[in-house]
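Presented below is the structure to which this report refers.
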Amino acid sequence: MSADLSKITCIEDLRVIAERRVPRMFYDYADSGSYTQSTYRANEEQFQHIKLRQRVAVNMEGRSTRTTMVGHDVVMPVAIAPTGLTGMQHADGEILAAKAAKAFGIPFTLSTMSICSLEDIAEHTGRHPFWFQLYMMRDRGFMERLIDRAKAANCSALQLTLDLQILGQRHKDIKNGLSTPPKPTLANLINLATKPRWCLGMLGTKRRSFGNIVGHVTGVADMSSLSSWTADQFDPSLSWADVEWVKQRWGGKLILKGIMDEADARLAVDSGADALVVSNHGGRQLDGAPSSIEALPSIAEAVGKNIEVWMDGGIRSGQDVLKARALGAHGTLIGRSFLYGLGAFGQAGVTRALQIIQKELDTTMAFCGHTQIDQVGKEILLPGTYPKPFANTP
């Protein structure tokens, strides 16, 4: 018998339950930022400063949140972002999230650092098209095989993440001794003992390591050999020439994730990519960087209609999605919002998160005097409350 989630009315409800049900090290991995966490907090908080203009006596019938993202029809301008270790928030987490996204009508993005593999997602979604996120790694042979596997799994777009050449320090991960599977320290064992639902789920699945990597890299057959391999793999020499290499090898829709500067946005246009994502990696990399919503207007203005501009970071409601659209984002990605739902209730929790966001988006759009998401612009925002493009500096 499935749980009645009708009383779950906002993403915060899901977060509270996920915090209770997911082991501390994995909840903290998802719900934290780097260093002082100032950018992580700003991503969410700065949405709250933006005020909406309410309109009345406008015909609100026939509303639609449908649009497209890189040519894909979507029920709303939202896609599930790539998040590492998703299968540690809930057993078979990536599979469950992909199934929820398919049923709802939005894209799902699988991370390179996922627990479930490309082949797992393809098998369990009936080879429904999904997106794949790629990191630039030193082992080009592995990358070639990974791209080929994404093609074979029927991935319809590739997201290349550009902002993880080196890792920002996340204090909580160090303090928790984060590992996959969890290290059997006394503190972790005590915490796991309080999460029986999670433990039972994990006992019932074979997917407990990085499914896209283990068994697919020479010399990496288990978790112990994996850790030493990954520590040396993220490529700090990443350049735009590497982006071109990926584009040529992939040959399909290419999305560049991690753009926070106008100059990089223009280079993204020059690269021939189909979309860019204004993203500070959820506040997990450069602490002290602007929030994503603060950086969005400058980038949208800099590139105009030459490339689709998306954003992620801090989206916890349909209102946030609408504000991002008003400031120039053609689409948005959600990470923590779906992870909270997954950790709380599995696939049903992801579905509930998407329902909450779409309902808020639809209702708020109507209050602002619009019935079609593609017609929403800056006119719905109260002047003086929203970020404007940064002043050009030498």
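Listed highest first by mean packing, meaning other Cβ atoms within 10 Å per residue, what order do 286-298, 232-244 come in?
Descending packing order for the listed peptides: 286-298, 232-244.
Cβ neighbours within 10 Å, averaged per peptide: list 137-150, 347-360 in order, most packed at the top. Before the final figure, lay out the partial values.
Details: 137-150: 16.6, 347-360: 22.9.
Packing order, densest peptide first, comes out as 347-360, 137-150.
Under a point-charge model restricted to the Cβ atoms of Lys and Arg (+1) and Asp and Glu (-1), what is the dipole moment magnitude of the chain relative to its Cα centre, in debye to the nearest 20?
Its charge dipole is roughly 900 debye.
Could you tell me what % of all Cα pairs in segment 271-394 have separations over 19 Å?
Summing the P(r) of segment 271-394 above 19 Å gives 53 percent of all pairs.
Mind checking segment 83-137 for GluC sites (Glu not before Pro) that DSSP puts in a loop (not H, G, I, E or B) and that have at most 14 other Cβ atoms within 10 Å? Kindly include the intermediate steps, with their values, before the conclusion.
Details: sites: E94, E119, E123; in loops: none.
For GluC sites (Glu not before Pro) across segment 83-137 that sit outside H, G, I, E and B with at most 14 neighbouring Cβ atoms in 10 Å, the list is empty.
Could you work out how much longer the chain between T36 and L267 gets when fully extended? Use 0.36 nm per residue separation minus the Cα distance between them, nm to one decimal.
Details: separation 231, 0.36 × 231 = 83.16 nm, distance 3.03 nm.
Fully extending the segment from T36 to L267 adds 80.1 nm.
Once neighbouring chains are kept in place and the probe is 1.4 Å, which whole percent of the accessible area of the chain is contributed by carbon and sulfur?
Summing carbon and sulfur atoms, their accessible area is 52 percent of the total for the chain.
So how far, in whole Å, is the C-alpha centre of segment 105-148 from the one of segment 180-213?
Using only Cα atoms to place each centre, the spacing works out to 23 Å.
Which one, H171, H281, H49, has the greatest fluctuation when you compute a Gaussian network model over the chain with C-alpha springs under 10 angstrom?
Highest fluctuation of the listed residues: H49.
Which order, highest average first, do 363-374, 305-316 follow once you tally other Cβ atoms within 10 Å for each residue and take the mean per peptide?
305-316, 363-374
Nothing charged except the Cβ atoms of Lys and Arg (+1) and of Asp and Glu (-1): what's the magnitude of the dipole of segment 214-353 about its Cα centre? Round to the nearest 20 debye.
Using Cβ point charges on Lys, Arg, Asp and Glu, segment 214-353 gives about 620 debye.
Would you check the accessible area of S2, probe 1.4 Å, heavy atoms only, in square angstrom rounded to 10?
100
How much length would be gained if the chain were fully extended between K183 and A3, taking 0.36 nm per residue of separation minus their Cα-Cα distance, in nm to one decimal?
Details: separation 180, 0.36 × 180 = 64.80 nm, distance 3.16 nm.
So the extension gain works out to 61.6 nm.
State, to one decimal in nm, how far the label point of D232 lies from the label point of K151, with both points 7 Å from Cα in the Cβ direction.
Taking the simple label geometry, D232 and K151 are separated by 2.9 nm.
Only Cα pairs under 8 Å and at least 6 apart count here; give the relative contact order of the chain as a rounded whole percent.
Numbers: 780 pairs, mean separation 112.0, N = 394.
Worked out over the chain, it gives 28 percent.
Once you have a ≥ b ≥ c as the square roots of the Cα gyration tensor eigenvalues for segment 77-208, tell me rounded if a/c is under 1.5, and otherwise prolate or oblate according to whether a/b is larger than b/c.
On the way: a/c = 2.01, a/b = 1.35, b/c = 1.49.
The shape class here is oblate.
Tell me which of S2, Q233, T371 sits at the most positive position along the dipole axis of the chain, charges placed on C-beta atoms (Lys, Arg +1; Asp, Glu -1).
S2
Which shape class, rounded, prolate or oblate, goes with segment 156-309 when its Cα gyration tensor gives a ≥ b ≥ c as root eigenvalues, a/c under 1.5 marks rounded, and past that a/b bigger than b/c marks prolate?
It comes out prolate by the Cα gyration axes.
Measure off 7 Å from each Cα along the Cα-to-Cβ vector at Q355 and K175, then give the distance between these two points in nanometres to one decimal.
Taking the two extended label points, one gets 3.6 nm.
How much area per residue is accessible in the chain when the probe is 1.4 Å and only protein heavy atoms are counted (Å²)?
About 42 Å² of surface per residue is accessible.
Report the one residue of M143, S111, Y340 whose Cα lies farthest in the direction of the positive end of the charge dipole of the chain (charges on C-beta: Lys and Arg +1, Asp and Glu -1; origin at the Cα centre).
Toward the positive end, the furthest listed residue is Y340.
Sorting S6, S179, S279 by accessible area (1.4 Å probe), largest first, what list results?
So the residues, ranked largest to smallest area, are S6, S179, S279.
Name the residue farthest towards the positive end of the dipole of the chain from the options L167, V309, S34, assuming +1 on Cβ of Lys and Arg, -1 on Cβ of Asp and Glu, about the Cα centre.
Checked the options; the winner is S34.
Which sequence of M113, M88 reflects their accessible areas, 1.4 Å probe, from the largest down?
Descending order: M113, M88.
Take a quick pass over segment 237-394 and tell me how many lysine pairs come in under 25 angstrom between Cα atoms, counting only ones 8 or more apart or on separate chains.
Qualifying lysine pairs in segment 237-394: 15.
The values are calculated or read from the model by the stated rules, or taken from the named source; none is laboratory data. Please read these numbers as outputs of a predicted model, since none were measured by experiment. Glycine also receives a Cβ, built like all others from the backbone with ideal geometry; neighbour counts cover every protein chain displayed. The area values use the complete protein model at the heavy-atom level, side chains included, leaving out ligands, DNA and RNA. Shrake-Rupley method; radii C 1.70, N 1.55, O 1.52, S 1.80 Å.
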